[in-house]
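What follows is a single structure, written as structure tokens, with notes after it.
The values are calculated or read from the model by the stated rules, or taken from the named source; none is laboratory data. Note that the structure is a prediction, hence the values are computed from the model and not measured. Counting neighbours? That spans all protein chains shown, and the Cβs are built from the backbone with ideal geometry, glycine included.
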Amino acid sequence: MSKPRVLIVDDDVDFRQSLCALVEREGFETRECGTLDRARAELSGEAPDVVLLDLKLPDGQGIDLLEDEELRERTEFVVTTGHADTGTAITALRKGALDYLTKPVDRARLQTILTHVGRTRGLKREVESLRSELRAAGRFGPMVGRSKAIQEVYDLVARVAPTESTVFVIGESGTGKELVAETVHRLSVRKHKPFLALNCGAMSASLIESELFGHEKGSFTGADRRRQGYFEEASGGTLLLDEITEMPVELQVRLLRVLETGSITRVGATRPTEIDVRVIAASNRAPEEAIADGKLREDLLYRLNVFPIHLPPLRQRGEDIELLARFFLEGVNEREGSSKSLSDAAVQRLRELPWPGNVRELKNAVERAAILADSVISPQDLPEPDPSQVAAAPGQVLQVPVGSSIAEAERRLILATLEQLEGDKKKAAEVLGISLKTLYNRLNVYQARKESEPES
Ligand SMILES: Nc1ncnc2c1ncn2[C@@H]1O[C@H](COP(=O)(O)OP(=O)(O)OP(=O)(O)O)[C@@H](O)[C@H]1O
Ligand SMILES: [Mg+2]
């Protein structure tokens, strides 16, 4: 393979030349320039593998180059910033930059980044083709689902997986956050290295620091030998910090430092240790809420939220229920050497249930039913729908008790449709066959009624 190529864009000649020397020592071929204009000219030809890009250039913002989507596909951008200007650096990450480096550039960190660039070449294309191939089949890596909502998740995973970006997965319990994290890992250059998941909520506040960062011998009572923490164990791989809002706030400060410096300090140690770990965080509560409650530091969220992935609850992907149920049943059949199946009525029942525990609950229900049923799973083997919940659930089916007024049925249908379409009023009006104006009028009436009603 030819030597990987790097373009260095910086108006500070001394800095540029010393960076060139560093990069060449890593076995890369380099080119350099000092303005945005020249950079554009360089990039219009055969694109380099990576651009090391200064944020402030005499003729504009380095970040502007990231607007060119086609260019972003062909080359990786790493921004360099001299002003500890992390805000802009993070904006650059959001726009698709691979990483950022603060000046003076730390040599070890530069090495890590360049090694990754070397390994990432070609991976992006591979993931992209996997995505289009499997889309139709309703599968993406280990994930199952064909709904629009889950396909959007696949798109995000495909985009972020081959990069080094931090990912923040947000979703209700059981929606598949850990599975998303694992998929990101499996589609990254880190796939042959460990994937570790750590539940921050399951650990005592006093132990979590040494669990994460390790400790030196004798650093506290009971520390009778040196121990590696999760960060070191996950070396070269991916670390999932699950329930991040349960991490003690003081430790969140330290985690932020780790993310910024790429190094950890073991408990009781005086020197930091370089680490190469991609962090994925997960939470089942809205991060803004956690901040308001003082459970999550805003600066940490800011750093983690470079690439948020929201996992929709199962009730917003009703059309995936059958696919998922059949997938889980297949798993049981394979394990047990059985060949059980689902009756049409059972499928209907599955679609009517509200699944507050999301995919995990569905999986448990199917596995339990497979044990109960002789050969064909019928509705009796499945949970009973709770009538009060079904009416409120934005599933595929809406039940209205006989004896309701037409107006009440209409109200329920309108609200359920809106919820299923995630509040998209235009689409809801279309689906309901009414004008947008009528929809607004109805909603105003419901709102007014709710406000005039005494709290019960
Ligand atoms: N799209 C999917 N395809 C196949 N299996 C899935 C999917 N989503 C979730 N699962 C399965 O459902 C179960 C729950 O998923 P997971 O543990 O990832 O959820 P979670 O959001 O991390 O839950 P919690 O909030 O409780 O930690 C797992 O067994 C997982 O394999
Ligand atoms: Mg989880």
Checklist outcome for this item: All conditions in (1) at negative phi; (2) within 16 Å of ligand 1 (Cβ to nearest atom); (3) not aliphatic (A, V, I, L, M) are true of residue 243 except (1)
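Hey, among 346, 282, which residue is modelled with pLDDT of 90 or more, over 19 Å from the mean Cα position of the chain (by Cα) and not β-branched (Val, Ile, Thr)?
Of 346, 282, the one residue that is modelled with pLDDT of 90 or more, over 19 Å from the mean Cα position of the chain (by Cα) and not β-branched (Val, Ile, Thr) is 346.
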Item to check | Criterion: surrounded by fewer than 16 Cβ atoms within 10 Å (Cβ to Cβ) and either within 12 Å of ligand 1 (Cβ to nearest atom) or within 25 Å of residue 302 (Cβ to Cβ) (or both) - qualifying residue of 205, 181, 234, 197 | outcome: 205
Checklist outcome for this item: Here the residues within the stretch 285-295 that are more than 22 Å from residue 161 (Cβ to Cβ) and within 16 Å of ligand 1 (Cβ to nearest atom) are 285, 286, 289, 290, 295
Item to check | Yes/no for residue 114 being buried (at least 17 other Cβ atoms within 10 Å of the Cβ), part of a strand (DSSP E or B) and at pLDDT 70 or above | outcome: no
Item to check | The one condition in (1) at pLDDT below 90; (2) in a helix (DSSP H, G or I) that residue 221 fails to fulfil | outcome: (2)
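Touching a residue at least 60 places away in the same chain (Cβ under 8 Å) and of a type in the set (Gly, Ala, Ser): does that describe residue 318?
yes
Here is a check on your reading of the model: is residue 150 within 16 Å of ligand 2 (Cβ to nearest atom), modelled with pLDDT of 85 or more and either closer than 20 Å to residue 318 by Cβ or not in a helix (DSSP H, G or I) (or both)?
Taking the combined requirement at face value, the residue does not satisfy it.
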Checklist outcome for this item: Pairing a residue in the stretch 341-366 that is free of Cβ contacts under 8 Å to residues at least 40 places away in the same chain with any residue that is in a helix (DSSP H, G or I) and within 12 Å of ligand 1 (Cβ to nearest atom), where Cβ atoms lie under 7 Å and the two sit 6 or more apart in sequence or on different chains, gives 342/325; 342/326; 350/321; 350/325; 363/328
Next on the checklist: Kindly evaluate residue 410 against the criterion of being among the charged types (D, E, K, R), surrounded by fewer than 17 Cβ atoms within 10 Å (Cβ to Cβ) and over 34 Å from the mean Cα position of the chain (by Cα).
Outcome noted: yes
Next on the checklist: For the condition at pLDDT 90 or above, within 14 Å of ligand 2 (Cβ to nearest atom) and part of a loop (DSSP other than H, G, I, E, B), what is the one hit in 183, 175?
Outcome noted: 175
Checklist entry - Are any of the residues in the stretch 119-129 modelled with pLDDT of 90 or more, away from ligand 2 (no atom under 16 Å from the Cβ) and buried (at least 18 other Cβ atoms within 10 Å of the Cβ)? => result no
Next on the checklist: Could you go through the stretch 313-324 and let me know if any residue there is more than 16 Å from ligand 2 (Cβ to nearest atom), within 30 Å of residue 119 (Cβ to Cβ) and surrounded by 17 or more Cβ atoms within 10 Å (Cβ to Cβ).
Outcome noted: no
Checklist entry - Only one of (1) within 30 Å of residue 174 (Cα to Cα); (2) modelled with pLDDT under 90; (3) buried (at least 17 other Cβ atoms within 10 Å of the Cβ) is not met by residue 267, so which one is it? => result (1)
Checklist entry - What number of residues in the stretch 265-285 are within 16 Å of ligand 2 (Cβ to nearest atom) and farther than 15 Å from residue 212 by Cβ? => result 4
Checklist entry - Taking residue 190, is it buried (at least 22 other Cβ atoms within 10 Å of the Cβ) and more than 16 Å from ligand 1 (Cβ to nearest atom)? => result yes
Checklist entry - Here are some residues: 136, 97. Which one is within 23 Å of the chain's Cα centre (by Cα), at pLDDT 80 or above and not hydroxyl-bearing (Ser, Thr, Tyr)? => result 97
Checklist outcome for this item: residue 446 fails exactly one of (1) part of a loop (DSSP other than H, G, I, E, B); (2) modelled with pLDDT of 85 or more; (3) of a type in the set (Ser, Thr, Tyr), namely (1)
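Rundown of residues vs (1) part of a loop (DSSP other than H, G, I, E, B); (2) hydrophobic (A, V, I, L, M, F, W, C), yes/no style:
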site	(1), (2)
225	yes, no
236	yes, no
252	no, no
256	no, yes
260	no, no
271	yes, no
276	yes, no
Checklist entry - Would it be correct to say that residue 364 is more than 30 Å from residue 210 (Cβ to Cβ), among the polar types (S, T, N, Q) and buried (at least 20 other Cβ atoms within 10 Å of the Cβ)? => result no
